[in-house]
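Below you'll find the structure, written out as C-alpha cells, and then a few comments.
The values are calculated or read from the model by the stated rules, or taken from the named source; none is laboratory data. Every value quoted in this text rests on a predicted model; they were computed, and no experiment measured them. Note that each Cβ is placed from the backbone with ideal geometry, even for glycine, and that neighbours are counted across all protein chains shown. Side chains are part of the model used for accessible areas, which takes the heavy atoms of the whole protein and leaves out ligands, DNA and RNA. Shrake-Rupley method; radii C 1.70, N 1.55, O 1.52, S 1.80 Å.
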2 protein chains.
Amino acid sequence: MSEAPFPNVAVIGLGLIGGSIGLAVQEYMPGARVTGWDADADVRCVAGERGLAHAVPEELADAVADADLIVLCVPVRAMESAAAALAGKIKPTCVISDVGSCKQSVAEAIARALPGQPVVPAHPVAGTEHSGPEAGFATLFQNRWCILTPGKDSDPQAVERVSAFWANIGATVDTMAPDHHDLVLAVTSHVPHLIAYTIVGTASDLEEVTRGEVIKYSAGGFRDFTRIASSDPTMWRDVFLSNKQAVLEILQRLSEDLSAMQRAIRRDDGDALFDHFTKTRAIRRSIIEEGQDDARPDFGRSDH
Amino acid sequence: MSEAPFPNVAVIGLGLIGGSIGLAVQEYMPGARVTGWDADADVRCVAGERGLAHAVPEELADAVADADLIVLCVPVRAMESAAAALAGKIKPTCVISDVGSCKQSVAEAIARALPGQPVVPAHPVAGTEHSGPEAGFATLFQNRWCILTPGKDSDPQAVERVSAFWANIGATVDTMAPDHHDLVLAVTSHVPHLIAYTIVGTASDLEEVTRGEVIKYSAGGFRDFTRIASSDPTMWRDVFLSNKQAVLEILQRLSEDLSAMQRAIRRDDGDALFDHFTKTRAIRRSIIEEGQDDARPDFGRSDH
Ligand SMILES: NC(=O)c1ccc[n+]([C@@H]2O[C@H](COP(=O)([O-])OP(=O)(O)OC[C@H]3O[C@@H](n4cnc5c(N)ncnc54)[C@H](OP(=O)(O)O)[C@@H]3O)[C@@H](O)[C@H]2O)c1
Ligand SMILES: NC(=O)c1ccc[n+]([C@@H]2O[C@H](COP(=O)([O-])OP(=O)(O)OC[C@H]3O[C@@H](n4cnc5c(N)ncnc54)[C@H](OP(=O)(O)O)[C@@H]3O)[C@@H](O)[C@H]2O)c1
C-alpha cells in the first residue's frame, strides 16, 4: 500500500514549477502516480520526452479523471480557465491546489470555476529565472518554504494532505491568510522583480551610456538585476495585475525611502547613509543562517 | 631579467581589492615583488599571515621606498590622505594608481596630495560583497574589465605599463574619460547598490510584515538584493558622496520610470508591462554572451 498522501496526482501546466513537481513526485513519492497536461501541444511533447510525469496524455480528461489531487501550475490569470476546463472531468472528492504567486485572486478564481470542489491554495517560494518544460528539476523545492492559504471553509483533512504532499517533495510548509501572503510576497518577491525590471529598462534607454557599456560593465552589481529581470513576462504581468493593491502599497513606501536616500546624498549626509547601510547587513546574515541563501561570495559564482 | 611591467609594486589598503592584487601579483607576475601596507595594524597582521604580499612591513616608508608602482586600495574618500602620506617617501618616478570606484574625484584628490607625481587612475570592475583582509583571492580579476581613466597630461608610457600590469593579473583593460566612467558606473553599479540598500531597508521597517517573514520568504527575489546590500558601508557611503551628480541624475530617471510602471499597474495596462518585461530579457542574454555572468539558473546556486 502506498503511503503517498494522494495516490494519483495531476499537474496542469508543465513549465518550471509544474515540471519540477512532476519530477519531484517521481523522485520522492514512490507510491504515487503523476500525470501531466499542458494547453500547449509542444510543451506536452517536450514534457513526455523529459519524463516530467508518468504519463502526459493528449486529452485533459485522460490526465485528470483518476486524480485525487490536481495542482494548477499555470500563470495566475490563466488559473480560472484552467480550473473551469476541469468541470465535469474530475472526481467530486479531488482536491484542487495551485502554485500561483498571488493567493487571494487565485483562490477566488478557482472557487468561481469549480464551486463545491475542495480547494487548498499553495505557493512554493522557489524558482529560477528560467521557464518552460525544459526548466524544471526534482530538487527545486528542497529546503524551500511552501505557503498554504486555506480558506475559512477548507476541509482540515484536505489541508493536512496537501501539507504532507509538499513536505514529501522537500518543502517546509507554512500556513497564512491569503491577504497576508500577498503583502509578504509583494515585499519579498513582487516589488524586487518590478524594481529589477525597471532599472534594467532605465539603463538600456539612456542616451549618454550605450547598451554595450551597460553590458560590459555589468559585473559591478547590475548583472544581478538582469537575472531577475529575465524572468517570464507572462507570469510577471499576471502577478502585478493580480496583486495590484499590495504591490502599489509597498512601491509607495519604497519611493518615500528612495527620496530620503536622494536627500541624504544631496546634503552630503554621510552618517545617515552609513547607518542605513550598516543596518541592512544584519538581514543578510539572518537569511544565510536560515539557509535561504549561499554565503559564498557572489553566490559561489567565483568558485575559488 | 623580469618581464613584469613594474619590478616593485606596493599596495596600500589590504582589503578585498588590495589583498586580491597582492595575491594576483604573486600568482601571475613571477618577476615582480609586491609589498603591502594598511593603516590598521590588525589588517597588517592578517595580511602577513595570509601572505597577501611578499612583505607587509610595520612602517609605510618601508613598504613604498622601492616601489615603481603604488596602487591605492582604500575607500574613495580616504584616497587623499593615503596619497598625502606617501609624500617624501617615494621615488619621483613611481607611478601612482588606485582602484577607486569613482574616478573624477579620486584623480583630483591624488593630484592635490602628490603634485608632479605620475598618476594613472584605474577601476577594476570586479568584487564581491565581502571586504577586509580575509576576502581577497588571486583570481578576482580574471575575465573582468579594468577601466583606466588617464588625465590629459598622463605620461603615455605610464598608462601603457599600468595597462600591462592589469592585463598580467587577468583583466581586460579599457580606457575612458573620468566623467564618462562615473556616469557608466552610476548606472551599472552605484544606483543598483543604492536601490538594493533602500529596498532592504524598506522591507525591514514595515509594520505589517515582520522581519522574520521577510527573511523566511526571501528566496522569491529579495535575497539577491540583500547580498548587494551587505557590501561595506564605508566604501559605499564614500562612493555615493563622491559620485553625487551622476548618481542623482540616474536616480531621477529611475524614479520617472518607476512612476510609469506604477501607472501601468494602476491602470491594468498588461500590454505595457508585458512589452517592458520582454525587452529587458535581451540584455540578460547579451551579458551572458559577453561572459560577464553565469547562465546557470540562480547563478548555479541550485547546482542540479
Ligand atoms: N517561476 C517562478 O519562480 C515561480 C515560483 C513560484 C510560483 N510560480 C507560479 O507558478 C505558476 C507557473 O509558473 P512557471 O514559472 O512554471 O511558468 P511556465 O514555466 O511559463 O509554465 C506555465 C505553463 O502553463 C501553460 N499554460 C498556460 N495556460 C494554460 C492553461 N489554461 N491550461 C494548461 N496549461 C496552460 C503554459 O503554456 P504556454 O507557455 O504555451 O502558454 C506553460 O507551459 C505561475 O502561477 C507562477 O506565478 C512561479
Ligand atoms: N569591493 C568592491 O566590490 C570594489 C570593486 C572595485 C573597486 N573598489 C574600490 O576599492 C577600494 C577598496 O575597497 P575594498 O572593497 O577592498 O575595501 P576594504 O576591503 O574595506 O579594504 C580597504 C582597506 O583600506 C584600509 N584603509 C582605510 N584608510 C586607509 C589609509 N588612509 N591608509 C591605508 N589603509 C587604509 C582599511 O582599513 P580599515 O577598514 O581599518 O579602515 C581597509 O583595510 C575602494 O576605493 C573601493 O571603491 C571596490
Carbon and sulfur: what percent of segment B:180-294's accessible surface (1.4 Å probe)?
-> 44
Please state the relative contact order of chain A as a whole percent: Cα pairs under 8 Å, 6+ residues apart?
-> 15
Averaged over peptide A:205-215, how many Cβ atoms belonging to another chain are found within 10 Å of each residue's Cβ?
-> 5
Quick one: check the C-alpha center-to-center distance for segment A:4-56 versus segment B:18-44, whole angstrom.
-> 54
Shielding by partners - mean other protein chain Cβ count within 10 Å, residues of A:251-260 = 5
Summed buried accessible area for B+A [probe radius 1.4 Å, Å², rounded to 100] = 10300
Could you give the accessible area per residue of chain A, probe 1.4 Å, as a whole number in Å²?
-> 38
Across the residues of A:129-142, average count of Cβ atoms on other protein chains within 10 Å?
-> 2
If every Lys and Arg gets +1 and every Asp and Glu gets -1 at its Cβ, then about the Cα centre segment A:8-176 yields a dipole, in debye to the nearest 20, of 340
Highest GNM mean-square fluctuation, chain B, Cα pairs closer than 10 Å: which of B:Ile228, B:Ile199, B:Ile90?
-> B:Ile199
Helix axis angle, B:104-113 relative to chain B longest principal axis, alpha carbon, degrees = 20
Carbon/sulfur accessible area of segment A:84-169, % of total, 1.4 Å probe, equals 52
List, in the order given, every pair from A:Lys279/B:Lys279; A:Lys103/A:Lys279; B:Lys152/B:Lys244; B:Lys89/B:Lys244; B:Lys244/B:Lys279 whose Cα-Cα distance in the structure shown is over 26 Å.
-> A:Lys279/B:Lys279; A:Lys103/A:Lys279; B:Lys89/B:Lys244; B:Lys244/B:Lys279
Kindly give the distances from A:Glu3 to its copy-mates, label point to label point, with each label point 7 Å from Cα along Cα→Cβ, as nm values to one decimal ordered shortest first.
-> 6.4
What ranking do B:68-78, B:282-292 get when scored by the average of other Cβ atoms within 10 Å per residue, highest first?
-> B:68-78, B:282-292
Placed amide H near B:Gly36: partners under 5 Å, 5+ positions off or other chain | B:Val11, B:Ala55, B:Val56
With everything on Cα atoms, drop me the angle between helix B:270-289 and the longest principal axis of chain B, reported from 0 to 90° to the nearest 10.
-> 30
Signed unit charges on C-beta, dipole axis of chain A, positive-most listed residue A:Ile147, A:Ile17, A:Val99 | A:Ile147
Dividing the mean separation of Cα pairs under 8 Å (6+ apart) by the residue count of segment A:180-292 yields a relative contact order in percent of 30
For segment A:75-85, Karplus couplings with θ = phi - 60° (6.51, -1.76, 1.60), whole Hz, Gly/Pro x | x, 3, 7, 9, 4, 5, 6, 5, 6, 4, 5
What's the angle, to the nearest 10 degrees (0 to 90), between helix B:191-204's Cα axis and the longest principal axis of chain B?
-> 60
